[in-house]
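The values are calculated or read from the model by the stated rules, or taken from the named source; none is laboratory data. Since we're looking at a predicted model, the values are computed, not measured. With ideal geometry, Cβ positions are generated from the backbone for all residues, glycine too; neighbour counts draw on all protein chains shown. The accessibility values were calculated without ligands, DNA or RNA, using every heavy atom of the protein model including side chains. Shrake-Rupley method; radii C 1.70, N 1.55, O 1.52, S 1.80 Å.
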Amino acid sequence: MSWHAQQYSIFEAQRTRPVRDLIAAIPTAAVHHAIDLGCGPGNSTEILAQRFPHARISGLDSAADMLHAARERLPQLSFQAGDIGQWQAAQPLEVILANASLQWLPDHDQLYPRLVAQLAAGGTLAVQTPDNLQEPAHRLLRKVAGNGPWAARFAGFSLPPRHDAAFYYRLLRPLCQQVDVWRTTYHHPLAGGIGAVVEWFKGSALGPYLSQLDEPQAEAFLAQYHAELASAYEVLPDGSVLLPFPRLFVIAQR
Ligand SMILES: C[S@@+](CC[C@H](N)C(=O)[O-])C[C@H]1O[C@@H](n2cnc3c(N)ncnc32)[C@H](O)[C@@H]1O
């Protein structure tokens, strides 16, 4: 899928709120080296740099447009192109942050321990992943994908599986001195009604679908998705929609 920094950043304030909560819970105090995996346009990296102003911080992302935005935003930090699934740290790190990125990768039973192994003793893996596949926005996305003229194209399409809190606790507790897992539902206020919900997901979950369609098909897909969302989300008197968004947080200290 191709990521577009500008589209993603329309809702930057809402998308950055969870990473503030995640980074606030990192227990490691002395941080010399830290990385932001799936740094996007640098919004999460910026919060990491604010929390650890003396650390050497870098970001990694596979999307050229995101990296370009991150470099423009934080020219004093180092950003590299790469795949989280292949990434190896050059030296042990005190913090590995991954906010809203690891849900795009499979095999978490291997990935998370591999990340923990790249921490210095006492270092922290801090991860937030959306836990929203059963929310109306995702259910209706699958419904639209499975019912239009494009249905055959998306027949074998699936996202990596999501796991619950107990999965991560069980996986990481034997490897770490402490594991803190929690789940929060944010209610992101989106001014602009149903259209704003469509815009939100154009910046993330719609990407893999829209990138497979030509422009007229993409417009038809979005129109159907908009109509489905209108039956599931209430537009409030001020014209906004409160988008419920459950997210799972994992803090694992080696
Ligand atoms: C939803 S954005 C999160 C951006 C930012 N971390 C934040 O907190 O808002 C997900 C980012 O993960 C990146 N990403 C997804 N899969 C990746 C992979 N396998 N390797 C590197 N980056 C990846 C995408 O390019 C995108 O920039």
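Do the conditions hold for residue 78, that is, is it open to solvent by less than 80 Å² (accessible area, probe 1.4 Å), without any contact (Cβ under 8 Å) to a residue 24 or more places away in the chain and in contact with a Ser or Thr (Cβ under 9 Å, 6 or more places away or on another chain)? When the stated conditions are applied, residue 78 passes them. Any idea which of 5, 90 is open to solvent by 70 Å² or more (accessible area, probe 1.4 Å) and either of a type in the set (A, V, I, L, M, F, W, C) or over 22 Å from residue 179 (Cβ atoms) (or both)? Only one candidate qualifies: 90.
Identify, from the list 70, 13, 63, the residue that is more than 16 Å from residue 97 (Cβ to Cβ), near the ligand (Cβ under 9 Å from one of its atoms) and among the small types (Gly, Ala, Ser).
63
Inside the range 152-174, residues that are open to solvent by 30 Å² or more (accessible area, probe 1.4 Å) and over 18 Å from the mean Cα position of the chain (by Cα) make up a count of 12. Of all residue pairs spaced 6 or more apart or on separate chains, those with beta-carbon atoms under 7 Å, a first member in the range 196-218 that is open to solvent by less than 10 Å² (accessible area, probe 1.4 Å) and a second member that is part of a helix (DSSP H, G or I) and at pLDDT below 95 are 203/7; 203/8. Looking only at the range 90-139, which residues are among the acidic types (Asp, Glu) and either out of contact with any helix residue (DSSP H, G or I) (no Cβ under 7 Å at 6 or more places or on another chain) or within 12 Å of the ligand (Cβ to nearest atom) (or both)? 94, 107, 131, 135, listed by residue number.
For the range 239-248, the criterion of a residue being over 19 Å from residue 18 (Cβ atoms) and open to solvent by 20 Å² or more (accessible area, probe 1.4 Å) is satisfied by at least one position. Can you find a residue in the range 48-65 that is in contact with a strand residue (DSSP E or B) (Cβ under 9 Å, 6 or more places away or on another chain), aliphatic (A, V, I, L, M) and over 17 Å from residue 126 (Cβ atoms)? The answer is yes; a qualifying residue exists.
To keep it simple, each residue is scored yes or no on (1) closer than 24 Å to residue 43 by Cα; (2) open to solvent by less than 10 Å² (accessible area, probe 1.4 Å); (3) aromatic (Phe, Trp, Tyr).
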| site | (1), (2), (3) |
| --- | --- |
| 82 | yes, no, no |
| 86 | yes, no, no |
| 96 | yes, yes, no |
| 104 | yes, no, yes |
| 112 | yes, yes, yes |
| 120 | no, no, no |
| 126 | yes, yes, no |
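Selection over the range 81-103 of residues that are out of contact with any Leu (no Cβ under 8 Å at 6 or more places or on another chain) and in contact (Cβ under 8 Å) with a residue 12 or more places away in the chain gives a count of 5.
Residues in the range 43-75 that are part of a helix (DSSP H, G or I) and open to solvent by 60 Å² or more (accessible area, probe 1.4 Å): 50, 51, 64, 65, 68, 71, 72, 73. Only one entry of 219, 234, 228 meets the criterion of being at pLDDT 95 or above, out of contact with any Leu (no Cβ under 7 Å at 6 or more places or on another chain), part of a helix (DSSP H, G or I) and among the acidic types (Asp, Glu), and that entry is 219. Residue count for the range 17-42 under the criterion of being part of a helix (DSSP H, G or I) and open to solvent by 10 Å² or more (accessible area, probe 1.4 Å): the result is 4.
Might you let me know whether the range 166-189 holds any residue that is among the hydroxyl-bearing types (Ser, Thr, Tyr) and within 16 Å of the ligand (Cβ to nearest atom)? The answer is yes, given that some residue of the range 166-189 is among the hydroxyl-bearing types (Ser, Thr, Tyr) and within 16 Å of the ligand (Cβ to nearest atom).
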